[in-house]
Amino acid sequence: MKKVITYGTYDLLHEGHINLLRRAKALGDYLIVGVTSDSFDRGRGKLNVRNNVLERVEAVKATGYADEVVIEDYLGQKIDDIQKYDVDIFAIGSDWEGKFDYLNEFCQVVYLPRTEGISSTMLRAESQETYRLGIVGSGRIAKRFVPETKVVNGVEVAAVYNPNKERVSAFAADFGVEAHSGSFQDFLKGVDAVYVASPHLSHYDYTKQALEAGKHVLCEIPFVLSAAQAKELYDYADAHGLVLMEASKTAYCPAFNHLVTLVKSGVIGDVIDIKASLSKMVEGSLRELDASQAGGAMNEHAPLNLMAIIRLLGTDYTKVDFYSKMENGVDVYTKANIIYPHATSSITLGIGVKTEGNLVVSGTRGYVYVPAPWWLTDFFEVRYEDQSKNKKYFYSYDGDGLRYEIQEFFSMIVNKRRSCYKLKSRESVAIAEIIEKYNKKENCVEI
Ligand code: C2G
């Protein structure tokens, strides 16, 4: 019996896929089809897959060509499968010509003619409206954001707003978008959704105006510096059917989410302590060092670090205290302890003090270690007293990692989901609340 194997995502199964499966089947007597898992696709940069793995498997089965379906879950699996199933021929479409020649060592490799004029990408584009996104602010983060939108389907950066005419024009010319420096309302008229990436103290006003104009909002961190403002904005968005999301990039990345689900499944027992740290040395006349622009380590770095703690330990903390080293009115270093009824946690943040920048989640059975820079999570290890039980998890953190939040934001808009489990609005409000306590200098000691 001649066995053939082929692989694919088979998203929005179409004629091209069906032709390919028919041709592959005709090469032998028995066809095995490997369908990519959702996490494998995310890992190889396919962020826009519409059908989940179960739907895709069902669609492949319904063609009637597959004698067996397997799930492709890791790089290198093709070599394992070919040997495990004693495969004679590996077949794949001609768009992959030459890419799988390395499999010739294990079986015959056949590139089958690809059906021209049809692809999942095309079908996705046709079935999806394109949303026009406007960016408020044209600084460092906004510049990193634009290229990241290119890998997410259905979004087009259409306009940028900054009251500073010179800066906004330069940004618009660099990225080929419309520049607005005058009326904010005029800018809003031309877009469906807004990404707020302006200085901290302007987040509340811009977000509020955008929501009031009926626009969905993705707002950079720190979202706002008061719990009442955060709650007001989320309530408004909720009441008006709009998506409002805090751009806490790590919250949406695959590795960090897997860490959270593992910890919540009890792999390290009960969580008793979390230590999160982040330092980025800042010099010169940057916003981070300017007290009048809400600079300082806490406003800058607390959002991501508190996000990790609050997602793992919840919003019901009982006590918070802070220790800061101040320079020219801003904290260049802050350590905060966030205490829960049955757990402790701390964040160590610096813009003028260097720390390692790792994350350690300690439990009654083991701990999770994420090396620096933990907030760009692509690897973590679950460790135990008995080191032979340790397990390492590897992921990719693609590009600047903003694509994950962009994808989540547009997926919420398209699917009319108003609540995001990766960072709930009440978790985001709790983050704002702790930062507010700090800015009011509650339980704060200068060192
Ligand atoms: N295909 C085709 N004609 C098209 C579109 C796709 O013949 N118009 C073929 C592809 O060449 C591939 C199969 O259909 O052999 C599945 O395509 P995708 O779902 O796009 O999967 P792909 O991302 O190519 O993954 O490990 C996965 C493999 O690397 C293939």
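Listed by first and then second residue, the pairs with beta-carbon distance under 8 Å, at least 6 apart or on different chains, first residue in the range 88-109 and under 15 Å from Ala24 (Cα atoms), second polar (S, T, N, Q) and within 10 Å of the ligand (Cβ to nearest atom), are Phe90/Thr6; Ala91/Thr6; Ile92/Thr6. Given Val168, Val87, Val109, Val146, which one is part of a loop (DSSP other than H, G, I, E, B), among the aliphatic types (A, V, I, L, M) and over 22 Å from Gly214 (Cβ atoms)? Answer to the selection: Val87.
A quick yes/no check of all residues on (1) within 23 Å of Ser39 (Cβ to Cβ); (2) small (Gly, Ala, Ser); (3) outside any helix (DSSP H, G or I):
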site	(1), (2), (3)
Lys335	no, no, yes
Val353	no, no, yes
Val361	yes, no, yes
Val368	yes, no, yes
Trp375	yes, no, no
Glu381	yes, no, yes
Phe410	yes, no, no
Tyr421	yes, no, yes
Ile435	no, no, no
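So is Ala294 within 24 Å of Cys219 (Cβ to Cβ), touching a His at 6+ places or on another chain (Cβ under 6 Å) and surrounded by 15 or more Cβ atoms within 10 Å (Cβ to Cβ) or not?
When the stated conditions are applied, Ala294 passes them.
Among the residues examined, Leu133 does not qualify as out of contact with any Asp or Glu (no Cβ under 6 Å at 6 or more places or on another chain), modelled with pLDDT of 95 or more and assigned to a helix (DSSP H, G or I). All but one of (1) modelled with pLDDT under 95; (2) crowded, with 17+ Cβ neighbours inside 10 Å; (3) out of contact with any Lys or Arg (no Cβ under 9 Å at 6 or more places or on another chain); (4) among the hydrophobic types (A, V, I, L, M, F, W, C) hold for Val49; which doesn't? The single condition Val49 does not satisfy is (3). Checked against (1) farther than 21 Å from Ile118 by Cβ; (2) touching a Leu at 6+ places or on another chain (Cβ under 6 Å); (3) surrounded by 19 or more Cβ atoms within 10 Å (Cβ to Cβ), Leu12 passes all but condition (1). Considering only residues that are under 15 Å from Pro147 (Cβ atoms) and either touching a Gly at 6+ places or on another chain (Cβ under 9 Å) or in a helix (DSSP H, G or I) (or both), which ones fall in the range 171-185? Those that are under 15 Å from Pro147 (Cβ atoms) and either touching a Gly at 6+ places or on another chain (Cβ under 9 Å) or in a helix (DSSP H, G or I) (or both): Phe171, Asp174, Phe175, Val177. In the set Leu133, Leu103, only one residue is within 15 Å of the ligand (Cβ to nearest atom) and either surrounded by 17 or more Cβ atoms within 10 Å (Cβ to Cβ) or not assigned by TED's automatic domain parsing to the domain that holds Leu259 (or both); that residue is Leu103. Per the listing Lys150, Lys215, the residue uniquely of a type in the set (Lys, Arg) and modelled with pLDDT of 95 or more is Lys215.
On inspection, Glu300 does not qualify as closer than 30 Å to Gln209 by Cα and either part of a loop (DSSP other than H, G, I, E, B) or modelled with pLDDT under 95 (or both).
Considering Glu442, Glu433, Glu405, which residue is acidic (Asp, Glu) and either farther than 23 Å from Ala228 by Cα or in contact with a strand residue (DSSP E or B) (Cβ under 7 Å, 6 or more places away or on another chain) (or both)?
Glu405
If you check Arg114, Arg124, Arg167 for being within 16 Å of the ligand (Cβ to nearest atom) and more than 27 Å from the chain's Cα centre (by Cα), only one passes: Arg114. Which one of these does Gly117 not meet: (1) part of a loop (DSSP other than H, G, I, E, B); (2) within 21 Å of Leu47 (Cβ to Cβ); (3) without any contact (Cβ under 8 Å) to a residue 12 or more places away in the chain? Going through the list (1) part of a loop (DSSP other than H, G, I, E, B); (2) within 21 Å of Leu47 (Cβ to Cβ); (3) without any contact (Cβ under 8 Å) to a residue 12 or more places away in the chain, Gly117 breaks only (2).
Entry remark, the range 44-64: residues being in contact (Cβ under 8 Å) with a residue 12 or more places away in the chain, away from the ligand (no atom under 12 Å from the Cβ) and either touching a Leu at 6+ places or on another chain (Cβ under 6 Å) or part of a loop (DSSP other than H, G, I, E, B) (or both) number 2 in total.
Output the number of residues of the range 156-165 satisfying the condition of being part of a strand (DSSP E or B) and modelled with pLDDT of 95 or more.
Keep residues of the range 156-165 that are part of a strand (DSSP E or B), which gives 156-161.
Subset that is modelled with pLDDT of 95 or more: 157-161.
Count: 5.
Test Tyr397 against the stated conditions and say whether it is surrounded by 15 or more Cβ atoms within 10 Å (Cβ to Cβ), among the aromatic types (Phe, Trp, Tyr) and modelled with pLDDT under 95. Yes: the conditions hold for Tyr397. Each residue in the range 1-43 was checked for being among the polar types (S, T, N, Q) and either more than 7 Å from the ligand (Cβ to nearest atom) or within 14 Å of Asp67 (Cα to Cα) (or both), and 3 of them qualify. Considering only residues that are out of contact with any strand residue (DSSP E or B) (no Cβ under 7 Å at 6 or more places or on another chain) and surrounded by 15 or more Cβ atoms within 10 Å (Cβ to Cβ), which ones fall in the range 328-370? Once the filter is applied, which keeps residues that are out of contact with any strand residue (DSSP E or B) (no Cβ under 7 Å at 6 or more places or on another chain) and surrounded by 15 or more Cβ atoms within 10 Å (Cβ to Cβ), the range 328-370 yields Val330, Tyr340.
The values are calculated or read from the model by the stated rules, or taken from the named source; none is laboratory data. Quick caveat: nothing in here was measured; it's all calculated off a predicted structure. Because the Cβ atoms are built from the backbone with ideal geometry, glycine has one as well, and the counts that use them run over all protein chains shown.
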